[in-house]
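The values are calculated or read from the model by the stated rules, or taken from the named source; none is laboratory data. Since this is a predicted model, take the numbers as computed values, not measurements. Neighbour counts are summed over all protein chains in view; Cβ atoms, including those assigned to glycine, are modelled from backbone coordinates with ideal geometry. Keep in mind that these areas ignore ligands, DNA and RNA; they rest on the heavy atoms of the full protein, side chains included. Shrake-Rupley method; radii C 1.70, N 1.55, O 1.52, S 1.80 Å.
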Amino acid sequence: SVRSGCGEPGEGALATNSSPITKANPWPGATSSKSGVRSLAGRASLRGVLLFLLIFLIPAMTASGENTSVAEIDSLREAVQRLEARVEQLEAEIASKDEPNVASIETVGSSREAPKAPEIQESVSDPAADTSDASGSDVYGLGSQHPAPANPFWKSVRVGFSTTVQLDTIHDFNSVGLTPGSGFENWFVTANIPVRGSAAANRDNRTGLSIQQSHLDGWLQMPTPWGDFEVFTKFNLTGKITGIAPFQVYQLYGRWGWLEAGLDYTLFLNRATIPHTLDFEGPNAIPENRPIQARLKVPIHQLIGSPENLYLLIGIEDEPGDITLPDTQFNDLNRVPSVVGGLAYENARGTAIWLQGLYRHLEVSGNGMRESVDGWGLTLQIYLPTTGKDSFALGAVGGQALGAYIDDLQGQGLDAAPISVSNPSLRPVRAASFWAVYTHFWREALRSTATYGYTWADTEFIDPSFQPVEDQGIYKRAHYVSANLIWSPIPPLDIGVEYLFGNRQITRGSAASNNTSRSGLNNRLQFTLSWHLSGESRLNW
């Protein structure tokens, strides 16, 4: 397209393929028109000016010799001759065309070289020609040019919030909670299911109400020339109606391009595989801890040119050790950050495949002794969109000293434990877990999610006297099952019902020591009403 010159609207200014389009044409006689008469009149006008210069101006200047030198007169005469030659050239070019339009001098198939625009045009700037922000957007991509000082990127910030107010009605047909006489437990943690024959197993057929899953989220986004800078935070709004629940900062992190830092889910977890359940906890097998961390997610194609959709993941995390200690012999924990790294494949359709490794080094000391444990783990986690809006996800984790990472093992002291009562040397606990999730949309406003989780720990070597809760044994394995039906009659409202089943097994030695069964189970039914609100705004100053 050609920007209008000094003629009528829609007329093209003189331009060539080798020179930028300028805001004014210094050659009025060559400006295109819709009438041949106007073009002839322009040429006649210009020729009249030239004749005036030749006939009247030059002799007059010669007569006033005291003010004008002979050299200046010769220079002016040569300039007039060049102007006349240029006019003749332009007339010849216009005459060679069928239609008097010179918006573009070089035509398709023409062997004629387009005349150069005067050199002064190359130094003329046109502010209107800058279309770098023609859409009005102030979002700058990675590696894009820094915005003009008149519009600094920090002058525009987008802020938003979302809140969920949720009421859960929960009924346990069996029991959850390892301590007799404790309050109703909202979380369905299979590690907290008491085994049959214990005092805690008698607390069955209990109902509770909770609003503890209500939360408030806030975010801030500021575009920069090097990628968007974002801050996200999530708070638990309130506690459960029956019992005590502390205020909690659930997440607080910042993200800038490839870098993220703060309090967030571990990098060892692909968040796409977290199921949409009504349950507080979710599958027992997921590495769903939230440590302080710093991570990088680097698109590999930006480093080596290919392949597309492949990312390098690397990060460090300050996850405290969770170790069984013999009495007070070891009372000081000295830890170093865990290191997580791997590869991820993600495409525009939503497919996400993560393969990662983890290493951590734990140390405890006391009474003049020091013990250390090396932990490691591998995980493969996959999220696959299927038909329509349906999706399937699965994950597997395996390694040692992973007790602080796997949901069901957290708080059980199962990163490591003493070899025996008489030998306080620490032995890392091997562990493995697996989970699978399927989400199906029956219709746009009606969906279901079914999940299964399994967790196992090699704990038979741990002495029964080290059990974390008296008379409840030492965790060995557990199964988790859930299925729900969620209806959204209007977008902000969710109404759902969910069934949950859990089974926990303990080690043979701890069952014999407590004179209980080796396993326990619970069936739970949960009804949920959830209302979601959100909004965002742009702040400019």
So, in nm, how far is label Trp531 from label Ser465 when the simple model puts each one 7 Å beyond its Cα toward the Cβ?
5.7 nm
Asp458 versus Leu209: modelled label distance in nm, points set 7 Å from Cα along the beta carbon direction:
4.9 nm
At a 10 angstrom cut-off on C-beta neighbours, averaged per residue, how do the peptides 270-282, 81-93 rank from highest to lowest?
270-282, 81-93
Dimensions of region 327-434 along principal axes (Cα, Å, largest first)?
61, 21, 15
Can you give me the long-range amide H partners of Gly411? Hydrogens built in the peptide plane at 1.01 Å from N, cutoff under 5 Å, separation of 5 or more residues or another chain.
none
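Using a probe of 1.4 angstrom, how much of the accessible area of region 426-541 is carbon and sulfur, in percent? Could you put the intermediate results ahead of the total?
Values: 3340 of 5470 Å².
On region 426-541, the fraction of accessible area on carbon and sulfur atoms equals 61 percent.
May I ask you to derive the FRET efficiency for Leu259 and Leu394 from their Cβ-Cβ distance with R0 = 35 Å, giving the value to the nearest 0.05? Display every interim value, and only then the final one.
Working: r = 29 Å, r/R0 = 0.83.
Calculated transfer efficiency: 0.75.
Among the trypsin sites (Lys or Arg not before Pro) within region 374-469, which fall in a DSSP loop and have no more than 14 other Cβ atoms within 10 Å of their own Cβ?
Details: sites: Lys389, Arg430, Arg443, Arg447; in loops: Lys389.
Those that pass, being in a loop and sparsely packed, are Lys389.
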I'd like the FRET efficiency for Glu230 and Trp487, computed as 1/(1 + (r/R0)^6) with the beta carbon distance as r and R0 of 41 Å, rounded to 0.05.
0.80
Using the basic label-point model (7 angstrom from Cα toward the beta carbon), what is the Ser425 to Arg196 distance in nanometres?
4.0 nm
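Please work out the FRET efficiency for the pair Asn347 and Ile495, using the Cβ-Cβ distance as r and a Förster radius of 35 Å; give the result to the nearest 0.05.
Details: r = 34 Å, r/R0 = 0.96.
According to the calculation, E is roughly 0.55.
Any chance you could run the full-extension gain for Thr179 through Arg538? It's 0.36 nm times the residue separation minus the Cα-Cα distance, nm to one decimal.
124.2 nm
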